[in-house]
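Colleague: Before I ask anything, let me first share the structure, which is written out below as structure tokens.
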Amino acid sequence: MFVVTGATGNVGRELVRSLATDGARVTATSRGITADQVPDGVRPVRADLTDAGSLREAFEGADALFLQNGGPSAHLIDPQEIVATAKAAGVTRIVLLSSQGVATRPGSASHGVVARAVEDAVRESDAHWTILRPGGFHSNSLAWAGAVRSARTVAAPFGDVGLPLIDPADIAEAAAAVLRDGGPGGRVIELTGPALVTPREQAGAIGAALGEPVRFVDLPRAEAREQMLRFMPEEVVETTLGILGEPVGAELRAGLGVQDVLGRPPRTFADWARRHADLFRGTGTGTGTGAGAGAGA
């Protein structure tokens, strides 16, 4: 049986669907998960990575685990206790969704240090493990959805700086392949999209998916920082702005991992935008900067 943590997130939701479609037994877990959020036949269990004890029911009877690194709450989790709980339940295979920042921003508490602690706990376990390190997600552009719906506008900093953003569905498919087939253990697999894409190009792709223009506004760094501080800690804001505005060489490598694992190229942002165009239609409110596009979510 497979257990998927973070099962209502951008990657976890797709992974649960993929495994269930193949007829696998799946337990899907997140803090507030309900039966109507999972496919028929999938067992939903409410659990919280910040409370390893709450995971015992979810892990019961499982032999393979898809583990999120905790995301925004990563600093609150005890990775050693989570791994020990999985081992006690009989889990022998772990696929960890980590972050490219472990390698590219090792000194960053938000993107490197905490995620490395989770990786270390998995590495030191007795499990057959694989670590996935994606870059920024296509879905981070949903931060712009309200402004696109209400004003057909995207406002973001560093409009002409491109990053090799990846489709969460590609990450999910890669995770499903590794969970199902195992393969050699002890692997770290970086996952990035097929090409560098800038915020300005993303706005254009969203407009093309909608069939009408979406205006791009290049937001000054200071203004973007001020907006981001309303909902992100300062250290996270500074690291994210660094990735978006001054990516290091390793953060610019496109086309990593997906071809090797799935035997096909990664999907483009334009493809993601077409599949999710309905989320940008209609009317709504919001002025998101989309500044999270440099980190997975």
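Colleague: Could you tell me what percent of the DSSP beta bridges with both partners in the chain are antiparallel, to the nearest 5? Don't skip to the end; give the middle numbers.
Modeller: Values: 1 of 32 bridges.
Antiparallel bridges make up about 5 percent of those DSSP assigns within the chain.
Colleague: Then there is this: For the range 1-104, max minus min Cα coordinate along each principal axis, in Å, sorted largest first?
Modeller: Principal extents (Cα only, largest first): 37, 29, 24 Å.
Colleague: In deg cm²/dmol, rounded to 500, what helix-only [θ] at 222 nm does the chain give when every DSSP H run of at least 4 residues adds -39500 (n - 2.57) and the total is split over its residues?
Modeller: Values: 12 runs with 106 residues, N = 297.
Result for the chain: -10000 deg cm²/dmol, rounded to the nearest 500.
Colleague: Would you tally the net charge around VAL188, using a Cβ to Cβ cut-off of less than 13 Å, leaving VAL188 out, and scoring K and R as +1, D and E as -1?
Modeller: Values: positive: ARG116, ARG123, ARG133, ARG187; negative: GLU119, ASP120, GLU190, ASP260.
Charge balance near VAL188 sits at 0.
Colleague: Report relative contact order for the chain in percent, whole number only (criteria: Cα-Cα under 8 Å, sequence separation at least 6).
Modeller: Values: 649 pairs, mean separation 61.1, N = 297.
Across the chain, relative contact order equals 21 percent.
Colleague: Please list 3J(HN,Hα) in residue order for the range 228-237, calculated via the Karplus relation 6.51 cos²θ - 1.76 cosθ + 1.60 where θ = phi - 60°; whole Hz, with x for glycine and proline.
Modeller: Those phi angles translate into 5, 5, 6, 9, 9, x, 4, 4, 5, 4 Hz.
Colleague: If the elastic network links every pair of Cα atoms under 10 Å, which of ALA28, ALA195, ALA250 fluctuates the most in the Gaussian network model of the chain?
Modeller: Of ALA28, ALA195, ALA250, the most mobile in the Gaussian network model is ALA250.
Colleague: I'm checking a number: the convex hull volume of the Cα atoms of the chain, normalised per residue, in Å³. What is it? Walk me through the intermediate numbers first.
Modeller: Details: hull volume 36.2 nm³, N = 297.
Taking the convex hull of the Cα positions in the chain, it is 122 Å³ per residue.
Colleague: Of TRP144, THR239, ILE33, whose Cα points farthest to the positive end of the dipole of the chain (charges on the beta-carbon: +1 Lys, Arg; -1 Asp, Glu; origin at the Cα centre)?
Modeller: Going by the charge dipole, the pick is TRP144.
Colleague: Let me ask you something else. How high is the relative contact order of the range 1-145, in percent, counting Cα pairs under 8 Å that sit 6 or more residues apart? Walk me through the numbers before you get to the answer.
Modeller: Values: 263 pairs, mean separation 27.5, N = 145.
So the answer I get is 19 percent.
Colleague: Using a 1.4 angstrom probe, figure out how much accessible area the chain has per residue, in square angstrom, rounded to the nearest whole. List each step's numbers first, then the result.
Modeller: On the way: 12310 Å² over 297 residues.
About 41 Å² of surface per residue is accessible.
Colleague: Compute and list, largest first, the equivalent-ellipsoid semi-axes of the range 84-153 from the alpha carbon gyration tensor, each √(5λ) rounded to a whole angstrom. Mind showing how you got there, number by number?
Modeller: Details: eigenvalues 221, 51, 17 Å².
Equivalent-ellipsoid dimensions as semi-axes: 33, 16, 9 Å.
Colleague: May I pose another question? Evaluate the relative contact order of the range 161-253 (contact order divided by residue number), counting alpha-carbon pairs under 8 angstrom at least 6 apart; express in whole percent. All intermediate terms of the calculation are to be shown ahead of the outcome.
Modeller: Details: 57 pairs, mean separation 35.8, N = 93.
That works out to 38 percent.
Colleague: Related question: May I ask you to give the percent of accessible area on the chain that is carbon plus sulfur, with a probe radius of 1.4 Å? The partial results should precede the final answer.
Modeller: Working: 6290 of 12310 Å².
About 51 percent, which is the carbon plus sulfur part of the accessible surface.
The values are calculated or read from the model by the stated rules, or taken from the named source; none is laboratory data. Predicted model only: the values in this text are computed from it and were never measured. Counting neighbours? That spans all protein chains shown, and the Cβs are built from the backbone with ideal geometry, glycine included. The protein model used for the area step is the full one, side chains on, heavy atoms only, and it has no ligands, DNA or RNA in it. Shrake-Rupley method; radii C 1.70, N 1.55, O 1.52, S 1.80 Å.
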